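For reference, the structure is listed below as C-alpha cells.
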Amino acid sequence: MTTAQHKIGSGFDARSTADDVLAGIDLSGRLALVTGGYSGLGLETTRALTRAGARVVAPARRPEAAREALADVEGVEVDALDLGDLESVRAFADRFLTSGRTLDIVIDNAGIMACPETRVGPGWEAQFATNHLGHFALVNRLWPAIEPGGARVVSVSSRGHHFSGIRWDDVHWQRDYDKWEAYGQAKTANVLFAVHLDRLGRDKGVRAFSLHPGAIFTPLQRHIPIAEQIERGWRDAEGNLADLAGVKTPEQGAATQVWAATSPQLATTGGVYCEDCDIAEPATPGDQSSGVRDYAVDAEQAARLWELSARLTGVDAFAV
C-alpha cells in the first residue's frame with residue numbers, strides 16, 4: 001500500500017519552536033481560529049501567529065480566563081465556545097459567519113485528556129464528544145468561511161492515538177470505560193477527521209492535517225492525579241515535575257501545528273499526520289513512541305467516522 005506518510009526533510013525537528021517555523025513567513029492580513037488558544041500549546045500558538053502578523057480568534061469555554069491570559073497579546077479576539085455543547089458550537093459559528101469574514105487557518109487545538117468517566121450532551125463520552133465531535137461540528141458549520149480562502153485545517157491529535165482505534169460497537173464507552181483508551185479513540189478520531197476532510201476539501205483548495213505535538217507539561221494533564229503522574233515518572237516522589245528526556249517546552253510543542261498550518265512545504269499535500277515539524281512515518285508494529293498507526297489514516301475508516309459524526313451531530317457541510 002502506498003502512503004504519503006514519509007518524512008520530507010523539512011529542516012526542522014523536535015527542538016524547533018513555533019517562531020522558528022514561522023521565520024520569514026508573513027501572515028499579515030490572515031485570519032486564524034485557534035480553539036483553546038489561551039492555554040498551554042494553544043496560547044503559544046496564538047502568540048506565534050500574531051507575532052507573524054495574523055489576527056487570531058480564540059474561542060474559549062471560559063472567555064474571561066481567556067481574556068486575562070491573552071491581555072498582553074495584540075491582534076486576538078475572544079468569544080465563547082464549549083465544544084462539549086453542540087448548541088454552543090452552533091451559536092459561536094453563527095456569530096462568526098455573521099461577521100462575513102473568511103478564515104485562512106483553523107487549528108482544532110482544544111481538548112481534554114484521560115478524564116474520569118464523564119457524559120455530555122445526550123450521554124456522549126466526553127473525550128470523544130469534546131475532542132472530536134465538537135470540532136467536527138465546528139468545522140462543518142464554519143465551512144462557508146473556510147472554503148472561500150482555501151484554508152488549512154489542523155487537527156491536533158497525539159501519540160495517544162496508538163492506545164485505541166475507533167471502538168465502532170461502543171464509541172461512547174457505555175461499558176468497560178478506560179480513560180486512556182477513550183483518549184486514544186478520540187485522538188484517532190482527530191487523525192481520521194483530517195484524512196477525510198482533506199479528501200472532501202482538496203478540490204476546493206482546503207487542505208487538512210493532523211499531528212502529535214510532542215510530550216509537554218501543560219494544563220492538559222489536569223485530570224491525572226499526582227500519584228498517577230509520579231507512578232508514570234512524570235513527577236518525582238515529592239511531586240515536582242521530572243526532568244525527562246524528550247519533553248518539549250510549550251514553544252516547541254506548538255511548532256508542529258504552526259508548521260502544518262503555514263508551511264509552504266505542504267502546499268501540495270494534505271491528509272497526513274505530522275510530528276516534530278515533519279510528516280510522520282508509518283508506525284513500527286509494537287512501537288508506541290512515534291509514527292502513525294495504519295488504522296488512523298485508513299480512508300475507509302475515515303469515511304465511516306465522517307458518516308457517523310454527521311449523524312450524531314446533525315451537521316455535514318458536504319451533504320448532497
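The values are calculated or read from the model by the stated rules, or taken from the named source; none is laboratory data. This is a predicted model, so every value here is computed, not measured. Note: ideal-geometry Cβ built from the backbone for every residue, glycine included; neighbour counts use all protein chains shown.
Here Leu33 fulfils each of the conditions (1) closer than 22 Å to Glu147 by Cα; (2) assigned to a loop (DSSP other than H, G, I, E, B) apart from (2).
If we keep just the residues of the range 305-318 that are outside any helix (DSSP H, G or I) and of a type outside the set (D, E, K, R), which is farthest from Gly149 (Cα to Cα)? Filtering the range 305-318 for residues that are outside any helix (DSSP H, G or I) and of a type outside the set (D, E, K, R), the one farthest from Gly149 (Cα to Cα) comes out as Gly314. Residues of the range 280-293 that are touching a helix residue (DSSP H, G or I) at 6+ places or on another chain (Cβ under 9 Å) and surrounded by fewer than 24 Cβ atoms within 10 Å (Cβ to Cβ): Pro282, Ala283, Asp287, Gln288, Ser289, Ser290, Gly291, Arg293. Is it the case, given these coordinates, that Ser39 is hydroxyl-bearing (Ser, Thr, Tyr) and surrounded by fewer than 19 Cβ atoms within 10 Å (Cβ to Cβ)? Here the answer is no, as Ser39 does not meet what is asked. Determine if the range 236-250 includes at least one residue that is assigned to a helix (DSSP H, G or I), at pLDDT 85 or above and either surrounded by fewer than 11 Cβ atoms within 10 Å (Cβ to Cβ) or not hydroxyl-bearing (Ser, Thr, Tyr) (or both). Scanning the range 236-250 turns up at least one residue that is assigned to a helix (DSSP H, G or I), at pLDDT 85 or above and either surrounded by fewer than 11 Cβ atoms within 10 Å (Cβ to Cβ) or not hydroxyl-bearing (Ser, Thr, Tyr) (or both). With respect to Asp94, determine if the residue is among the charged types (D, E, K, R) and assigned to a helix (DSSP H, G or I). Judged against the criteria, Asp94 is a match.
Against the condition in contact with a helix residue (DSSP H, G or I) (Cβ under 7 Å, 6 or more places away or on another chain), farther than 22 Å from Gly184 by Cα and at pLDDT 95 or above, how does Val297 come out, does it pass? So Val297 fails the test. Among the residues of the range 137-182, those identified as over 27 Å from Thr45 (Cβ atoms) and either surrounded by fewer than 18 Cβ atoms within 10 Å (Cβ to Cβ) or without any contact (Cβ under 8 Å) to a residue 24 or more places away in the chain (or both) are Arg167, Trp168, Asp169, Asp170, Gln174, Arg175, Asp176, Tyr177, Asp178, Glu181. Thr313 meets the conditions (1) in contact with a Ser or Thr (Cβ under 9 Å, 6 or more places away or on another chain); (2) buried (at least 18 other Cβ atoms within 10 Å of the Cβ) in every case but one. The failed one is (1).
Filtering the range 97-131 to residues that are of a type in the set (Ser, Thr, Tyr) and either assigned to a strand (DSSP E or B) or farther than 21 Å from Val171 by Cα (or both) leaves Thr98, Ser99, Thr102. Pairing residues of the range 106-125 that are under 20 Å from Asp176 (Cβ atoms) and without any contact (Cβ under 8 Å) to a residue 40 or more places away in the chain with residues that are part of a loop (DSSP other than H, G, I, E, B) and β-branched (Val, Ile, Thr), at Cβ distances under 9 Å and at least 6 apart in sequence or on separate chains, gives Thr118/Ile112.
Among the residues making up the range 188-200, those that are surrounded by 24 or more Cβ atoms within 10 Å (Cβ to Cβ) and either aromatic (Phe, Trp, Tyr) or more than 17 Å from Trp168 (Cα to Cα) (or both) are Phe193, Ala194, Val195, Leu197.
Is it the case that some residue within the range 57-77 is under 12 Å from Leu27 (Cβ atoms) and buried (at least 22 other Cβ atoms within 10 Å of the Cβ)? Checked the range 57-77: no residue is under 12 Å from Leu27 (Cβ atoms) and buried (at least 22 other Cβ atoms within 10 Å of the Cβ). Of the listed requirements (1) surrounded by fewer than 16 Cβ atoms within 10 Å (Cβ to Cβ); (2) touching a His at 6+ places or on another chain (Cβ under 8 Å), Leu83 misses just one: (1). Residues of the range 277-304 that are more than 26 Å from Gln252 (Cα to Cα), outside any loop (DSSP other than H, G, I, E, B) and more than 17 Å from the chain's Cα centre (by Cα): Asp294, Tyr295, Ala299, Glu300, Gln301, Ala303, Arg304. When Ala299 is tested against (1) loosely packed, with under 15 Cβ neighbours inside 10 Å; (2) in contact (Cβ under 8 Å) with a residue 12 or more places away in the chain; (3) farther than 24 Å from Ala151 by Cβ, only condition (3) is not met.
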